Amino acid sequence: MKVLNVVGARPNFIKVGPIHRALEATGVCESLVVHTGQHYDAKMSDIFFRQLELPEPNYYLGVGGGSHAQQTAGVMVAFEEVVEQEAPDLVLVVGDVNSTLAATLVATKLHIPVAHVEAGLRSGDRRMPEELNRLCTDAVADLLFVTEQSGLDNLKAEGVPDGRVHFVGNVMIDSLVRFREKATEIDMLGPLGLEPGSYVLMTMHRPSNVDRAETLQELAEMAGQLADIQPVVFPVHPRTRKNLQAHGYWEDLQGISGLRLLSPIGYLEFLHLMERAAVVVTDSGGIQEETTYLRVPCLTLRENTERPITVTMGSNELMELDAVAVADRVTAIQSEGNSGEVPPLWDGRAAERIASVLINKYHGANESHRVGNKTPGLV
Ligand code: UD1
Ligand code: UDP
C-alpha cells in the first residue's frame, strides 16, 4: 500500500511526523512525503524535519508564497504530476492550509482516495481562508479523521455519512508527547534571561490581526503593555514581520525593553518555552491545542475558534486584540495558575489509530481490484 502524505506549512510537519512513523510501523505501507514548499524558510520548514525526525521529503514542489489563487493553483499543477507518477493508493492531507485543499482537489479528481486528518473543525467564519479550505476539503475527501467532539457534530450537521468519519484524537498531541522530554533538555530560559512561570510567550500570524496597520498598532501597543508586566518572548512569523516592517512598527517593537523579539524558533525550543510560560498569547490554531494539553493558560486573540474544546475543557480563552484588556487578563492570570483538562483521545496515539483504520480499509484493496479486473471474461 502506498500513501502520499502532503505537507506545506509549519503546522503540517508537526502533524505528519507521527502519521508517517505509524504508517511505516505497519510494515505493509510505503509512506512518502510530498512537501509543497508553501513554507520554505529554514526556520519555517527544514528545522522541523530534523527535530521531528521526518525523512527528507520524497518530493519538493517549491511552490512558495503568492496570492491564494497562485499558491493553490501552483500546488495543484505540481502535485498532479506527482500523483500521476506515483499512482498512490491514498493521499493523506492534514489541517486547513492552502496546500491541504489543493492536494485534495487534485487527488479526488484523479479518483485517488483522500484522508483528511483534523477534519470537521469549523470556526463558522468564512472570512478565514482556512475555513473555506476546511469546508471544501471535507466535502470531497473520502475519510475524515476527527480530533474533538465538535468535529463529529459539525460533520453530522453537514450530512456527512458516519462511515466516512473516525474520531481518533489529535496527532499534534502525538508529537508533543513524543518530544516533550527532549524539549526539556534545551537551554532556552537562561540565554533569554527568563524564569520559569514568569514570562509571556506570544505568537501572532492571522491576517485578521497582522495584515492591517490598525491591528498592528494595537499589537505593538499590547506587546509594550505586556512587557511592563512580565518579560515577553515573541518569535515572529514571516507574514507578521513583513507587515510590521512595511507599516513601520518593527522599530517600535525593537525599542520595547522587556520584549524578546525572535525569528521563528524550532519545535523543541517552542515547546520548551510554551510549557514554562505564565501565559501564552496567540492566534495560532495548534498552539490552542498544545497549551490545553500542557494546561498552560492561553489567550487566543480571535473572535472565534474552530477548536472549541480548548475553551470548554482546556485552558484557552478567546479575547479581542485589545491591549488594555489583554494586559489586565494577563495580570489576573498571574494569581490563578494552571487549569483545564485534557480532551478525550489526546493521548499520543492518534496516528496509530489512523494507520489502523487506513490499513484495514485500503491495504490489499488494489490487489483485489486487479484480481477483480481479470475475471470478467478476459482470460
Ligand atoms: C499559512 C496558512 C495558515 C497557517 C499558517 C501557519 C493558508 C491560507 N494559511 O499562513 O492557515 O496558520 O500558514 O504558519 O494556507 N513567508 C516567508 N517564508 C516562509 C513562509 C512564508 O517569508 O517560509 C511569507 C511570504 O511572504 C508569504 C507569507 O509569509 O507570502 C504568507 O505565507 P503563506 O503560507 O501564504 O501564509 P501564512 O500566513 O504563513
Ligand atoms: N511553533 C514553532 N515555532 C514557533 C511558533 C510555533 O515550532 O516559533 C509551532 C507550535 O508549537 C505549533 C505549530 O508551530 O506546533 C503551530 O503553527 P502555526 O501557529 O504556524 O500554525 P497554525 O496552527 O495556526 O495553523
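So the values come out like this:
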item	result
Extreme residue, farthest from ligand 2 (Cβ to nearest atom), among residues of the stretch 156-178 that are farther than 11 Å from A350 by Cβ and in contact with a Leu (Cβ under 6 Å, 6 or more places away or on another chain)	R164
Residue in the stretch 281-288 that is closer than 16 Å to I229 by Cβ and hydroxyl-bearing (S, T, Y) present	no
The stretch 88-103, subset in contact with a Ser or Thr (Cβ under 7 Å, 6 or more places away or on another chain) and of a type in the set (G, A, S), residue farthest from ligand 2 (Cβ to nearest atom)	A102
Candidates E317, E269, E289 - the one that is within 10 Å of ligand 2 (Cβ to nearest atom) and surrounded by fewer than 19 Cβ atoms within 10 Å (Cβ to Cβ)	E269
Residues located in the stretch 247-262, provided they are touching a helix residue (DSSP H, G or I) at 6+ places or on another chain (Cβ under 8 Å) and either at negative phi or not in a loop (DSSP other than H, G, I, E, B) (or both)	H247, Y249, W250, D252, L253, I256, S257, L259, R260, L261
Any hit, the stretch 5-27, residues being more than 10 Å from ligand 1 (Cβ to nearest atom) and in a loop (DSSP other than H, G, I, E, B)	yes
Selection status of S150, within 16 Å of ligand 2 (Cβ to nearest atom) and either closer than 26 Å to L271 by Cβ or outside any strand (DSSP E or B) (or both)	no
Criterion violated by N170 - all others in (1) farther than 30 Å from A355 by Cα; (2) crowded, with 19+ Cβ neighbours inside 10 Å; (3) not hydrophobic (A, V, I, L, M, F, W, C) satisfied	(1)
In the stretch 30-87, residue farthest from ligand 2 (Cβ to nearest atom) [restricted to those that are touching a residue at least 40 places away in the same chain (Cβ under 8 Å), assigned to a loop (DSSP other than H, G, I, E, B) and aliphatic (A, V, I, L, M)]	A87
Count - residues of the stretch 28-58 that are within 20 Å of P88 (Cα to Cα), among the polar types (S, T, N, Q) and more than 12 Å from ligand 1 (Cβ to nearest atom)	2
G124 away from ligand 1 (no atom under 13 Å from the Cβ), on the phi > 0 side of the Ramachandran plot and either surrounded by fewer than 22 Cβ atoms within 10 Å (Cβ to Cβ) or in contact (Cβ under 8 Å) with a residue 24 or more places away in the chain (or both)	yes
Leading residue by the ranking (nearest to ligand 1 (Cβ to nearest atom)) among those in the stretch 63-81 that are touching a strand residue (DSSP E or B) at 6+ places or on another chain (Cβ under 9 Å) and either aliphatic (A, V, I, L, M) or within 24 Å of P264 (Cα to Cα) (or both)	V75
Residue satisfying condition, being surrounded by 15 or more Cβ atoms within 10 Å (Cβ to Cβ), in contact with a Pro (Cβ under 8 Å, 6 or more places away or on another chain) and not polar (S, T, N, Q), within set L216, L189	L189
Residue count, the stretch 167-206 (criterion: away from ligand 1 (no atom under 16 Å from the Cβ), among the small types (G, A, S) and under 22 Å from F13 (Cβ atoms))	2
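Only the coordinates and a few stated rules stand behind these numbers; no lab work does. The structure displayed is predicted, hence computed values, not measured ones. Because the Cβ atoms are built from the backbone with ideal geometry, glycine has one as well, and the counts that use them run over all protein chains shown.
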